[in-house]
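Enquirer: Sending over a structure as structure tokens; questions will come in a sec.
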Amino acid sequence: MNKFTTLVICASLAFAGQAHSRSFDDVVDSGELIVGVYRNFPPFSYQQDGQPKGVDIDVGQAIADEMGLKMQLHWVIPDENLDDDLRNNVWKGHYLDKDDENPLALKKLADVMMRIPYDREYAYRQDSQTGEMVNEQVVMFGPYQRESWRVAFDTEKLEAVKTMAVFQYHSIGVELDSLPDFYLSSAFAGRMRKNVHHYSTPLMAFEGMKSGEVKAVMAMRSEIDAMLFAENNPRYQVAENGFPSIGKQKWDVGMAVKSTYRQLGYAVEEVVDKMVRDGRMEAIFSRYGITYELPALYQDVQ
Amino acid sequence: MKHTTLGKGFAVSLLAAAISFSTAVTAGVTDQDILNDQATTDDVISNGMGLRGQRYSPLTKVNGDTVKDLRPVWAFSFGGEKQRGQESQPVVKDGVMYVTASYSRVFAIDVKTGDELWQYDARLPDAIMPCCDVINRGVALYDDLVIFGTLDAKLVALNKDTGKVVWKKKVEDYQAGYSLTAAPIVVKGKVITGVSGGEFGVVGKVEAYDAKTGQLAWTRPTVEGHMGYVWKDGKKVENGISGGEAGKTWPGDMWKTGGAATWLGGTYDPDVDLLFFGTGNPAPWNSHLRPGDNLFSSSRLGIDPDDGKIVWHFQSTPHDGWDYDGVNELISFDYTAEGKTIKAAGTADRNGFFYVLNRENGDFIRGFPFVDKITWAKGLDDKGRPIYADAFRPGNPAEATDGKQGSSVVAAPSFLGGKNWMPMSYSKDTGLFYVPSNEWEMDIWNEPVSYKKGAAYLGAGFTIRSINEDYIGVLRAIDPKTGKVVWDYKNYAPLWGGTMVTAGNLVFMGNPEGYLMAFDAKTGEEKYKFNTGSGIVGTPITWDMDGEQYVSVVSGWGGAVPLWGGEVAKRVKDFNQGGMVWTFKLPK
């Protein structure tokens, strides 16, 4: 069936099914905050020896602690794009989430979902046919990090990576179906295309660099930083190149709640705002060796 | 569990013995039975009502004069809270109907009474995310087995009398994006299946399993560069790389994740002893990333049923940029031209062209549009290759660097196709194909403000529009020798169910509005109409029993159409879901 990025479908899905997202009062009464995080997504959210780990887990934990609540995790399996993830995990629930024994059970949703881009243009995007706001069922708020792109390279294979031009001649690994994949496969009239090696995850691309399959890896800055930090080997270094003609050079990352539960969003936002301002946020990122850049909201204030 | 195996087997055989005493002879389905399926009117034991997939029945009791009296004799509900698209074709053998339902369920029903004999619910993993709805298109029968594919990409063989699992095989990893929704077919004692999966990174393949044991016999990837294998005496033996070698029609390492899923299953013709499978579009969807023909995406393949070798290929949409899957069924038929019998095959593609191929070697005989509007190609050359209209190829999202929505391209047909999965039929009496088609187009544009898994991404936005105010669906009777549309029937909603044709000069088809309809096969005159209570997206069958002709169809609105927004969704949003098998006959 269809493989296009499905930007317009969510507004029209009309089948029934009650969803289990909760108001601020219900959350406080229950004593638990259900935090949505992506599954298998280091360094943001993943499991190590059965224990949840990662930046977003730590931020979620700090929010729950501050609110006097216990954190429950809702692991998100990513769908084709963010619209789908918001529908499946924040406001509506997934159509396969059904309980045969208890057909009236509510669908499992996160109270608040982490790692949601904070982008006005995205948040207020309209369906080109109906004029309806595509994501009107959620509120995106609370930017806590600014994300970007980065290349790591093997210093025994490449002297330096000053510009992307070297990848006309040398191999580079990327995550399949990611923006680095599109960028390297199409930019500069496709001159780097033949040197692009595709991997299921950035970590597998990094392993590919260690085993000599590729000489460099391109991924999100946080992913590259965390992998280099964990590897702790001066042989692998951050490149100093820019990314000419890439569409999004930087973007901010925040959270989302269902639009009818703004009060919960305000409470969470207050906690996160304090964490950004008093340096606790940066400290969480530095645990994983990640370059911390303030979201635009805070850069403008300073 | 091991210690109970003996006891259980004993109990089962007693039960089977009891059943065989109480009813007539219930012999197992043989290869010969399957090859004769189209000619034997007392059963329907294969998808397509015969392996060629013609969906033609020699029955004549229900005909243009009598069909007005057709009455339901029973209706059977799939029940549960799981009412989604029901795209199944039932099969019938020895007075029992075997039919699948959404969410990988199988039901056995007594066709005399409509009573349930057993139900099997595949236990799906908790975290499963199938790409494309939760439909299933039907079972295959072999020996005493009922064989079908599940959403978590397993083949399951059930005992026909008890519904208990006899064998179960994982065809692919559902976590990697694979699933199974097509009806398998059985050829020469082997179950033949493709794989579904729209996610990026999937590679299509066709596989054969021993029908009785579930042992893998051969596997054939449908993307150039991947090795095929056969199993000889339990040993996996290399059997040649699809297309000879990697990188001939793909750049870089993109062949490793090239798509071309075989998600609609296949047909078989014993005359030329070949399987015919169609393949899905190439990955990634952005054609500008993968210059080249990208074999064997959007193609029809002729495959040797004994070892899986690709004998011939015909690519309907080389270097696809519109999501024109080439999976649609290839139906074998013979016709006479200049005193010679031509072993031909017909197929109506997503891309709006109908192709007549030589089924012995895949050569293009002729092709013509079967929908009114095609923008992406100006026509076909003498080899059947499209002559592209370059202005109608969707743009490269990577060029949208200014953060603005790229220019929009209007392409017709839409990616849901001039014809989608819903099977057409062919009548040797009229020499016509009965093609359920749709008239719709799509806008596609680059969407630079897009995110995936918390990361900036480059997506494409699209929307589907109807071309005409008063209809989208068109059932067309098409002469494959001339390309002439002999008659048509227009339908307000898009058609999503298959057709069947009978020697009684009737074409049967259901529509999303819920009607089972019958048309005069020669003139298109509407002869019969019955509201089944929910939209029909399945395919009817017919058989006879005790001297009476029966017609069955599954009703239950769903599938891909309601998933798409905009104007098309508005046309169908008030259709109610369902999940029923309806069975009809003439009053005595």
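The values are calculated or read from the model by the stated rules, or taken from the named source; none is laboratory data. Quantities reported herein were computed from a predicted structural model and do not represent experimental measurements. Cβ atoms come from the backbone with ideal geometry, glycine included; neighbour counts cover every protein chain shown.
Enquirer: Go through the residues of the range A:252-260 one by one and say whether even a single one is closer than 29 Å to B:Gly459 by Cα and exposed (fewer than 15 other Cβ atoms within 10 Å of the Cβ).
Expert: Among the residues of the range A:252-260, at least one is closer than 29 Å to B:Gly459 by Cα and exposed (fewer than 15 other Cβ atoms within 10 Å of the Cβ), which makes the answer yes.
Enquirer: Is the range B:302-310 home to any residue that is buried (at least 22 other Cβ atoms within 10 Å of the Cβ) and farther than 26 Å from B:Gln38 by Cβ?
Expert: Scanning the range B:302-310 turns up at least one residue that is buried (at least 22 other Cβ atoms within 10 Å of the Cβ) and farther than 26 Å from B:Gln38 by Cβ.
Enquirer: Okay, next question. Name the residues in the range B:145-160 that are more than 12 Å from B:Thr193 (Cα to Cα) and surrounded by fewer than 22 Cβ atoms within 10 Å (Cβ to Cβ), would you?
Expert: B:Asp152, B:Asn159
Enquirer: I need a count of the residues in the range A:197-217 that are small (Gly, Ala, Ser) and surrounded by 15 or more Cβ atoms within 10 Å (Cβ to Cβ).
Expert: Looking only at the range A:197-217, we keep the residues that are small (Gly, Ala, Ser), and these are A:200, A:205, A:208, A:211-212, A:216.
Still in the list and also surrounded by 15 or more Cβ atoms within 10 Å (Cβ to Cβ): A:205, A:208, A:216.
Count: 3.
Enquirer: Still on this structure, please answer the following. Restricting attention to strands (runs of 3 or more DSSP E) lying wholly within the range B:107-184, give those where 2 or more residues are of a type in the set (Val, Ile, Thr).
Expert: Qualifying strands (runs of 3 or more DSSP E): B:145-149, B:165-170.
Enquirer: Shifting gears a bit: When you go through (1) part of a strand (DSSP E or B); (2) in contact (Cβ under 8 Å) with a residue 24 or more places away in the chain one by one for B:His319, which number turns out not to apply?
Expert: Tallying (1) part of a strand (DSSP E or B); (2) in contact (Cβ under 8 Å) with a residue 24 or more places away in the chain, B:His319 fails exactly one: (1).
Enquirer: Among the residues in the range A:237-249, are any more than 14 Å from chain B (Cβ to nearest Cβ), within 21 Å of B:Ser450 (Cα to Cα) and not in a strand (DSSP E or B)? Let's see the steps before the verdict.
Expert: Within the range A:237-249, the first condition is being more than 14 Å from chain B (Cβ to nearest Cβ), and the residues that meet it are A:237-241.
With within 21 Å of B:Ser450 (Cα to Cα) added as a condition, the list becomes none.
Taking every residue of the range A:237-249 in turn, none turns out to be more than 14 Å from chain B (Cβ to nearest Cβ), within 21 Å of B:Ser450 (Cα to Cα) and not in a strand (DSSP E or B).
Enquirer: Has the range A:226-235 got at least one residue that is within 19 Å of A:Phe44 (Cα to Cα), crowded, with 22+ Cβ neighbours inside 10 Å, in contact (Cβ under 8 Å) with a residue 40 or more places away in the chain and not assigned by TED's automatic domain parsing to the domain that holds A:Arg120?
Expert: Yes, because at least one residue in the range A:226-235 is within 19 Å of A:Phe44 (Cα to Cα), crowded, with 22+ Cβ neighbours inside 10 Å, in contact (Cβ under 8 Å) with a residue 40 or more places away in the chain and not assigned by TED's automatic domain parsing to the domain that holds A:Arg120.
Enquirer: Same structure, new question: Looking at the range A:27-45 only, could you name the residues that are under 12 Å from the mean Cα position of the chain (by Cα) and either loosely packed, with under 15 Cβ neighbours inside 10 Å or within 18 Å of B:Met129 (Cβ to Cβ) (or both)?
Expert: A:Gly36, A:Val37, A:Tyr38, A:Arg39, A:Asn40, A:Phe41, A:Ser45
Enquirer: Let me ask something else. Take B:Asp306 and tell me if it is part of a loop (DSSP other than H, G, I, E, B) and free of Cβ contacts under 8 Å to residues at least 40 places away in the same chain. Break it down into steps so the answer makes sense when it comes.
Expert: Numbers: part of a loop (DSSP other than H, G, I, E, B): yes; free of Cβ contacts under 8 Å to residues at least 40 places away in the same chain: no.
Answer is no for this residue.
Enquirer: Checking B:Gly533 against (1) on the phi > 0 side of the Ramachandran plot; (2) part of a strand (DSSP E or B), which test does it fail?
Expert: Answer for B:Gly533: the failing condition is (2).
Enquirer: For the range B:539-553, does any single residue satisfy the condition of being part of a loop (DSSP other than H, G, I, E, B) and surrounded by 18 or more Cβ atoms within 10 Å (Cβ to Cβ)?
Expert: Yes, the conditions are met somewhere in the range B:539-553.
Enquirer: Which residue out of B:Gly559, B:Gly473, B:Gly535 is small (Gly, Ala, Ser) and touching a Lys or Arg at 6+ places or on another chain (Cβ under 8 Å)?
Expert: B:Gly473
Enquirer: Follow-up. Return the residue satisfying two criteria in turn: it lies in the range B:240-250 and is touching a strand residue (DSSP E or B) at 6+ places or on another chain (Cβ under 9 Å) and surrounded by fewer than 19 Cβ atoms within 10 Å (Cβ to Cβ), and of such residues it is nearest to A:Phe182 (Cα to Cα). Lay out the reasoning, then the answer.
Expert: Filtering the range B:240-250 down to residues touching a strand residue (DSSP E or B) at 6+ places or on another chain (Cβ under 9 Å) leaves B:240-243, B:250.
With surrounded by fewer than 19 Cβ atoms within 10 Å (Cβ to Cβ) added as a condition, the list becomes B:240-241.
Details: B:Gly240: 31, B:Ile241: 28 Å.
If we take residues in the range B:240-250 being touching a strand residue (DSSP E or B) at 6+ places or on another chain (Cβ under 9 Å) and surrounded by fewer than 19 Cβ atoms within 10 Å (Cβ to Cβ), then B:Ile241 is nearest to A:Phe182 (Cα to Cα).
Enquirer: Would you confirm, using the coordinates I've provided, whether B:Pro413 is within 27 Å of B:Thr341 (Cα to Cα), in contact (Cβ under 8 Å) with a residue 40 or more places away in the chain, in contact with an Asp or Glu (Cβ under 9 Å, 6 or more places away or on another chain) and outside any strand (DSSP E or B)? Steps first, please.
Expert: Details: within 27 Å of B:Thr341 (Cα to Cα): no; in contact (Cβ under 8 Å) with a residue 40 or more places away in the chain: yes; in contact with an Asp or Glu (Cβ under 9 Å, 6 or more places away or on another chain): yes; outside any strand (DSSP E or B): yes.
No, not satisfied.
Enquirer: When residues of the range B:372-396 are filtered for being modelled with pLDDT of 95 or more, of a type in the set (A, V, I, L, M, F, W, C) and either farther than 26 Å from B:Pro436 by Cβ or part of a loop (DSSP other than H, G, I, E, B) (or both), how many remain?
Expert: Residues that pass the stated criteria total 4.
Enquirer: If you go through the range A:126-183 one residue at a time, how many are more than 10 Å from chain B (Cβ to nearest Cβ), in contact (Cβ under 8 Å) with a residue 40 or more places away in the chain and hydroxyl-bearing (Ser, Thr, Tyr)?
Expert: Matching residues across the range A:126-183 total 3.
Enquirer: Can you say whether B:Leu145 is more than 14 Å from every other protein chain (Cβ to nearest Cβ) and either more than 25 Å from B:Gly201 (Cβ to Cβ) or among the small types (Gly, Ala, Ser) (or both), as far as the supplied structure shows?
Expert: Details: more than 14 Å from every other protein chain (Cβ to nearest Cβ): yes; either more than 25 Å from B:Gly201 (Cβ to Cβ) or among the small types (Gly, Ala, Ser) (or both): yes.
In short, yes.
Enquirer: Of all residues in the range B:229-262, which are more than 14 Å from chain A (Cβ to nearest Cβ) and assigned to a strand (DSSP E or B)?
Expert: Passing the criteria: B:Tyr229, B:Val230, B:Trp231, B:Lys232, B:Lys235, B:Lys236, B:Val237, B:Glu238, B:Asn239, B:Gly240, B:Ile241.
Enquirer: Would you confirm whether any residue within the range B:371-383 is touching a Pro at 6+ places or on another chain (Cβ under 8 Å) and buried (at least 23 other Cβ atoms within 10 Å of the Cβ)?
Expert: Within the range B:371-383, one or more residues are touching a Pro at 6+ places or on another chain (Cβ under 8 Å) and buried (at least 23 other Cβ atoms within 10 Å of the Cβ).
Enquirer: Out of everything in the range A:282-302 that is modelled with pLDDT of 95 or more and in contact with a Leu (Cβ under 9 Å, 6 or more places away or on another chain), what residue ends up being nearest to A:Val27 (Cα to Cα)?
Expert: Ranking the candidates gives A:Glu282 first.
Enquirer: Another one. Would you be able to tell me the number of residues in the range B:221-252 that are at pLDDT below 95, under 15 Å from B:Ala283 (Cα atoms) and of a type in the set (D, E, K, R)?
Expert: Adding up the residues that qualify gives 0.
Conditions tested, residue by residue: (1) crowded, with 18+ Cβ neighbours inside 10 Å; (2) at positive phi; (3) outside the structural domain of A:Asp29 (by TED's automatic domain parsing).
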{"residue": "A:Asp56", "(1), (2), (3)": "yes, no, no"}
{"residue": "A:Glu80", "(1), (2), (3)": "yes, no, no"}
{"residue": "A:Lys92", "(1), (2), (3)": "yes, no, no"}
{"residue": "A:Ala105", "(1), (2), (3)": "no, no, no"}
{"residue": "A:Ala110", "(1), (2), (3)": "yes, no, no"}
{"residue": "A:Tyr122", "(1), (2), (3)": "yes, no, no"}
{"residue": "A:Asp127", "(1), (2), (3)": "yes, no, no"}
{"residue": "A:Met140", "(1), (2), (3)": "yes, no, no"}
{"residue": "A:Glu159", "(1), (2), (3)": "no, no, yes"}
